[in-house]
Amino acid sequence: MDITPQQLDELRLGALTAIDGLWFMAVEKKHGFDQALELDLKVWRDYGVIVTKRISRMLGISLDPNNPPDLQTTNLLMEALCLIDGTQCEGEVVSEEELIIRVSHCPWFENLRRSGRHDHVPCEEIDNSIFRHWLEAIDPGIDFEITHSLPRGDDHCEWTIKRKS
């Protein structure tokens, strides 16, 4: 078999989004959109926490809530989470108190747009719930705000992450 590592990565990314979409539509068909969204949010919140812990162990990063990592390390973890699903993002530590992450390409939003569901699925609400939860697992002392959004018509998504006062 001659599947290249790049082709295998494409297959894995495609499988991840296909499984999520098929699972969501099956739950939606049986229990309705609201129940499917509620369960999907729970699954993705838990997924991110588990994967964040795995990444941090691989990189030797402590996730002690009493001694949280600096924002550069938080950025590293968030960029790694994005890499897994093909989201293209880049973070910039503005100060010791503020990190900005810009998403230039989101395969999840692209899939919603291609399927004609981008106006039906509250992408920004999902991001607010999921990323806030993931960041809390990294450092409970930081807050998260979406300042730019592809669904709002911006050319990118942008998340501002700040230390709580």
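Spot the failing condition for Gly91; the list is (1) of a type outside the set (Ser, Thr, Tyr); (2) over 21 Å from Trp159 (Cα atoms); (3) touching an Asp or Glu at 6+ places or on another chain (Cβ under 7 Å), and only one is missed. Going through (1) of a type outside the set (Ser, Thr, Tyr); (2) over 21 Å from Trp159 (Cα atoms); (3) touching an Asp or Glu at 6+ places or on another chain (Cβ under 7 Å) one by one, Gly91 breaks only (2).
Every residue, every condition in (1) in a helix (DSSP H, G or I); (2) at pLDDT 95 or above; (3) surrounded by 13 or more Cβ atoms within 10 Å (Cβ to Cβ), yes or no:
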{"position": "Met25", "(1), (2), (3)": "yes, no, yes"}
{"position": "Glu28", "(1), (2), (3)": "yes, yes, yes"}
{"position": "Leu37", "(1), (2), (3)": "yes, no, yes"}
{"position": "Leu41", "(1), (2), (3)": "yes, no, yes"}
{"position": "Ser56", "(1), (2), (3)": "yes, yes, yes"}
{"position": "Pro65", "(1), (2), (3)": "no, no, no"}
{"position": "Pro68", "(1), (2), (3)": "no, no, yes"}
{"position": "Gly91", "(1), (2), (3)": "no, yes, yes"}
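Cβ separations smaller than 8 Å between residues 6+ apart or across chains give the following pairs from region 1-18 residues that are within 13 Å of Gly86 (Cβ to Cβ) to residues that are surrounded by 10 or more Cβ atoms within 10 Å (Cβ to Cβ) and aromatic (Phe, Trp, Tyr): Thr17/Trp108. Going through Arg152, Arg117, Arg163 one at a time, which residue ends up being surrounded by fewer than 19 Cβ atoms within 10 Å (Cβ to Cβ), over 24 Å from Leu13 (Cβ atoms), out of contact with any strand residue (DSSP E or B) (no Cβ under 6 Å at 6 or more places or on another chain) and of a type in the set (Lys, Arg)? Answer to the selection: Arg152.
Beta carbons closer than 9 Å, at least 6 apart along the sequence or on distinct chains, pair a first residue in region 69-83 that is over 13 Å from Trp134 (Cβ atoms) with a second that is of a type in the set (S, T, N, Q) and crowded, with 16+ Cβ neighbours inside 10 Å for Pro69/Ser56; Thr73/Ser56.
Return a yes/no flag: does region 49-65 have any residue that is of a type in the set (Asp, Glu), over 16 Å from Glu79 (Cα atoms) and touching a helix residue (DSSP H, G or I) at 6+ places or on another chain (Cβ under 9 Å). No: zero hits. Just to verify a result, which residue in region 2-23, among those that are polar (S, T, N, Q) and in a helix (DSSP H, G or I), is nearest to the chain's Cα centre (by Cα)? Within region 2-23, the match that is nearest to the chain's Cα centre (by Cα) is Thr17.
The values are calculated or read from the model by the stated rules, or taken from the named source; none is laboratory data. The shown structure was predicted, so the numbers you read here are calculated from the model rather than taken from an experiment. Virtual Cβ from ideal backbone geometry, glycine too; neighbours counted across all protein chains shown.
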